[in-house]
1. Take A:A90 and tell me if it is among the small types (G, A, S) and part of a strand (DSSP E or B).
2. Looking at A:A116, A:A80, A:A108, can you tell me which residue is farther than 24 Å from B:H67 by Cα, open to solvent by less than 10 Å² (accessible area, probe 1.4 Å) and more than 14 Å from chain B (Cβ to nearest Cβ)?
3. Please go through segment A:119-148 and pick out each residue that is under 23 Å from B:C24 (Cα atoms), open to solvent by 10 Å² or more (accessible area, probe 1.4 Å) and in contact with a Gly (Cβ under 7 Å, 6 or more places away or on another chain).
4. Hey, any hits in segment B:32-41 for a residue that's within 12 Å of chain A (Cβ to nearest Cβ) and either touching a Leu at 6+ places or on another chain (Cβ under 9 Å) or open to solvent by 10 Å² or more (accessible area, probe 1.4 Å) (or both)?
5. Only one of B:A69, B:A47, B:A57 is without any contact (Cβ under 8 Å) to a residue 60 or more places away in the chain, surrounded by fewer than 18 Cβ atoms within 10 Å (Cβ to Cβ) and away from chain A (no Cβ under 13 Å); which?
6. Of the conditions (1) β-branched (V, I, T); (2) within 23 Å of A:E151 (Cα to Cα); (3) within 14 Å of another protein chain (Cβ to nearest Cβ), B:I28 clears all except one; give me its number.
7. Considering only residues that are more than 14 Å from chain B (Cβ to nearest Cβ) and open to solvent by 40 Å² or more (accessible area, probe 1.4 Å), which ones fall in segment A:56-77?
Amino acid sequence: MNLVRAATDAVTSRPSAALVRAEIEPERLRAAVADPAAGATVVFVGTARGVTAGTVTRCLEYEAHEPLAERALADLCAAAVARFGLVACAVEHRLGRVGVGEAAVALATSAPHRAAAFAAAEWLMERIKAEVPIWKCEEWGDGRREWVHPEALMQPAPGGEP
Amino acid sequence: MDDDCSSHARTLRIAVFAGLAEACGGRILDLPWAGGRVSDLRARVAATVPAAAGLLARSAVVVDGRHAADAAVIPCGADIAILPPVSGG
């Protein structure tokens, strides 16, 4: 009975999503989704890569439409909880300069069993990269700066149906 | 239902981001605006900042916090953002 209530509370009160300027601590995300109803927790950390297709990256810089991005992250988290039957979901994305090796994005999903937690983490990352209004600037080893804008047509509305 | 903002001699304040901000020379673009649709706004921005035209064609327009189709009428005093293709994660 307590377990059921704990899971229900998690679903209603704990889709947690944030844009952050300080370093991401994955343990904080893991703790945010911890729950007695969970039998599996997946923590994904996306780090700034130092080499892309043979070219050295000095650092990354991220900017966002902050109100829309925070809403989109929260909506995706809530959608993942509903779609995969998660116990809880948490996501953080960095803004500003991110050094090579540092976390640019991290998320945690908890579920009764691991299949849902893994699938939700992958689904969330795909959606975050495709939809959330956050942009990355590569600062290459030679000092050139380049905003990354993938060659796709317009993005679907954040929080829209898959 | 078409809004006509001409009597207000308004300036439309547009938030732009990333490569679009770079092309526009800043994160805010102020345009004199006498009313119109999202498609009119796209044409005006492209004419004002030709360097932004290519990226603009691949960008989404957000009006008062919601993605807006080209045919949508922009209300007077609307809060506008233009979002180029995203690259978070």
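The values are calculated or read from the model by the stated rules, or taken from the named source; none is laboratory data. Everything numeric here is computed off the predicted structure, so don't read it as measured data. Backbone-built Cβ (ideal geometry, glycine too); neighbour counts: all protein chains shown. Keep in mind that these areas ignore ligands, DNA and RNA; they rest on the heavy atoms of the full protein, side chains included. Shrake-Rupley method; radii C 1.70, N 1.55, O 1.52, S 1.80 Å.
1. On the way: among the small types (G, A, S): yes; part of a strand (DSSP E or B): yes.
For A:A90, the condition - among the small types (G, A, S) and part of a strand (DSSP E or B) - is met.
2. On the way: A:A116 fails: open to solvent by less than 10 Å² (accessible area, probe 1.4 Å); A:A80 fails: farther than 24 Å from B:H67 by Cα.
Of the residues listed, the single one that is farther than 24 Å from B:H67 by Cα, open to solvent by less than 10 Å² (accessible area, probe 1.4 Å) and more than 14 Å from chain B (Cβ to nearest Cβ) is A:A108.
3. A:K136, A:W147
4. no
5. Among B:A69, B:A47, B:A57, only B:A47 is without any contact (Cβ under 8 Å) to a residue 60 or more places away in the chain, surrounded by fewer than 18 Cβ atoms within 10 Å (Cβ to Cβ) and away from chain A (no Cβ under 13 Å).
6. Checking B:I28 against (1) β-branched (V, I, T); (2) within 23 Å of A:E151 (Cα to Cα); (3) within 14 Å of another protein chain (Cβ to nearest Cβ), the one that fails is (2).
7. Within segment A:56-77, A:V56, A:R58 qualify.
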